1. Which condition breaks for Asp257 when tested against (1) under 25 Å from Val46 (Cα atoms); (2) out of contact with any Asp or Glu (no Cβ under 9 Å at 6 or more places or on another chain)?
2. How many residues, within region 238-248, are more than 16 Å from Thr117 (Cβ to Cβ) and assigned to a helix (DSSP H, G or I)?
3. Can you tell me which residue is surrounded by the fewest Cβ atoms within 10 Å (Cβ to Cβ) among those in region 195-212 that are modelled with pLDDT under 95 and of a type in the set (Gly, Ala, Ser)?
4. Being more than 20 Å from Pro214 (Cβ to Cβ), outside any strand (DSSP E or B), open to solvent by 80 Å² or more (accessible area, probe 1.4 Å) and not hydrophobic (A, V, I, L, M, F, W, C) is the requirement here; does Glu135 meet it?
5. Hey, among Lys169, Lys113, which residue is free of Cβ contacts under 8 Å to residues at least 12 places away in the same chain and charged (D, E, K, R)?
6. Among the residues that make up region 56-77, is at least one of them within 30 Å of Ser273 (Cα to Cα), open to solvent by 50 Å² or more (accessible area, probe 1.4 Å) and at pLDDT 95 or above?
7. For region 219-251, name all the residues that are open to solvent by less than 50 Å² (accessible area, probe 1.4 Å), free of Cβ contacts under 8 Å to residues at least 60 places away in the same chain and out of contact with any Gly (no Cβ under 7 Å at 6 or more places or on another chain).
8. Can you spot a residue in region 107-128 that is of a type in the set (Val, Ile, Thr), open to solvent by 70 Å² or more (accessible area, probe 1.4 Å) and assigned to a helix (DSSP H, G or I)?
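The values are calculated or read from the model by the stated rules, or taken from the named source; none is laboratory data. Quick caveat, the model's predicted, so the values are computed rather than measured. For neighbour counting, all protein chains shown are included, and Cβ atoms are generated from backbone atoms with ideal geometry for every residue, glycine included. In case anyone asks, the SASA skips ligands and DNA or RNA and just uses the protein heavy atoms, side chains included. Shrake-Rupley method; radii C 1.70, N 1.55, O 1.52, S 1.80 Å.
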Amino acid sequence: DIGFFVNDPHHNVNAVYEQQVGKTSLIQLAFSCMVSDEKARPLLNVDPRIGGFTPFNLVIYRKLSDMKTVITHITPEAALDVLQITDTTVKDQFIKMFNPLDEKIEKTFPNAKKSYTKVHGVAKNSMMNFEIPFEEPEDIDEFFDDFQEKFESAFQHKGYIIAGFYNMKYSLNSDKEIMPGYDQFVVWSLCHIPFSYTIFDGANPIPQAAIFAPCSMYAYVKKGENKIVIGMPTLNAWAVALGITDKEKLAKINQLDTEIPAIIHSLGGVDTSNDNPLR
C-alpha cells in the first residue's frame with residue numbers, strides 16, 4: 001500500500017544455516033528484497049547504476065544471545081556512495097523513495113528504538129562493471145533468454161544461488177513503454193550460503209551486514225547497442241563500509257570478489273569503468 005513490491009522473500013535463512021552447517025547463532029534472519037517500480041524506473045532512465053541496489057534488502061534478524069528483533073536496511077545515502085552516483089536529481093529522488101518505507105515501519109512499531117550503523121568508509125573499488133558484446137540477433141528477447149539461462153547455470157555451477165530475479169522493464173503489466181531506451185533490464189539477487197553464513201552468522205556474526213545482501217547484479221541492453229552491460233557492488237564495499245577486520249570474513253569477501261568477475265569473464269565479459277553510460 002506504499003508502492004513497494006516484495007520480490008522473492010526468504011523468511012528463515014537461519015534455518016538453511018542450521019541445516020547445512022549444523023548450527024546457528026540466530027533465531028531469525030529474514031530477507032525481503034524490496035523494489036518500488038514507479039519510483040525506480042524513471043531513475044534507471046537517467047542512471048542505470050541504481051540497479052546495484054534495486055531491489056534492496058529489508059532485513060529482520062534476532063540473535064539467540066539477546067532476543068532483540070532488529071529491522072534494518074541500507075540507507076539510500078550509503079547506497080549512492082557505493083554506486084558512486086553524484087547526480088543531484090537522481091540522489092534526491094532515490095533518497096525520497098525510502099521515506100514511505102521508514103514511515104510505515106515506525107508507524108507499525110511505535111515503540112521501536114531507531115538507530116544507525118556507522119559507515120566506516122567507502123571502498124575505492126566499490127563496484128564491478130562488465131560489458132559482453134554480441135552480434136545482432138534476430139530476436140533480442142530470445143537471445144537474452146538464452147543468455148539468462150547460461151548466466152544462471154554458470155553461477156549455480158560455482159555454488160551460487162539465484163535468490164531472486166526481477167525484470168525492471170516488464171515486471172508491471174502495463175501497455176505504457178516506461179523504459180523505451182532499453183531492450184532489456186533485469187536484476188539478479190545472488191546468494192552464496194558459505195559466504196553468507198561466515199559473514200552473518202558463525203564466529204563473530206555480523207547479521208546487520210545482510211543489508212547488502214543478496215547481491216543485486218543488474219544487466220541491461222540499450223536499444224541500438226549490441227552489448228550486455230552488467231554491474232554489481234563489490235563485496236569489498238561491504239567490508240569497508242562496516243569496518244570488517246575479521247580475517248575469515250575478509251578471506252570470504254576476497255574469494256567472491258575474485259570468483260564473480262571470473263564467472264562473468266567466462267561468459268565473454270570484459271571489465272569496464274563505473275561511469276554512467278547514459279552521460
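1. Unmet for Asp257, out of (1) under 25 Å from Val46 (Cα atoms); (2) out of contact with any Asp or Glu (no Cβ under 9 Å at 6 or more places or on another chain): (1).
2. The first filter runs over region 238-248 and keeps only residues more than 16 Å from Thr117 (Cβ to Cβ), leaving 246-248.
Retained after the next criterion (residues that are assigned to a helix (DSSP H, G or I)): 247-248.
Total satisfying the criteria: 2.
3. Restricting to residues being modelled with pLDDT under 95 and of a type in the set (Gly, Ala, Ser), the top hit is Ala203.
4. On the way: more than 20 Å from Pro214 (Cβ to Cβ): yes; outside any strand (DSSP E or B): yes; open to solvent by 80 Å² or more (accessible area, probe 1.4 Å): yes; not hydrophobic (A, V, I, L, M, F, W, C): yes.
For Glu135, the condition - more than 20 Å from Pro214 (Cβ to Cβ), outside any strand (DSSP E or B), open to solvent by 80 Å² or more (accessible area, probe 1.4 Å) and not hydrophobic (A, V, I, L, M, F, W, C) - is met.
5. Numbers: Lys169 fails: free of Cβ contacts under 8 Å to residues at least 12 places away in the same chain.
Lys113 is the lone residue from the list that is free of Cβ contacts under 8 Å to residues at least 12 places away in the same chain and charged (D, E, K, R).
6. Within region 56-77, the first condition is being within 30 Å of Ser273 (Cα to Cα), and the residues that meet it are 56-58, 73-77.
Remaining after also requiring open to solvent by 50 Å² or more (accessible area, probe 1.4 Å): 77.
This time we only want the ones that are at pLDDT 95 or above, so: 77.
For region 56-77, residues within 30 Å of Ser273 (Cα to Cα), open to solvent by 50 Å² or more (accessible area, probe 1.4 Å) and at pLDDT 95 or above: present.
7. Passing the criteria: Leu235, Trp238, Ile244, Asp246, Lys249.
8. So the first thing to find is which residues in region 107-128 are of a type in the set (Val, Ile, Thr), and the list is 108, 117, 119, 122.
In the following step, the residues that additionally are open to solvent by 70 Å² or more (accessible area, probe 1.4 Å) were identified as 108, 117, 119, 122.
Of the ones still in play, those that are also assigned to a helix (DSSP H, G or I) are 108.
For region 107-128, residues of a type in the set (Val, Ile, Thr), open to solvent by 70 Å² or more (accessible area, probe 1.4 Å) and assigned to a helix (DSSP H, G or I): present.
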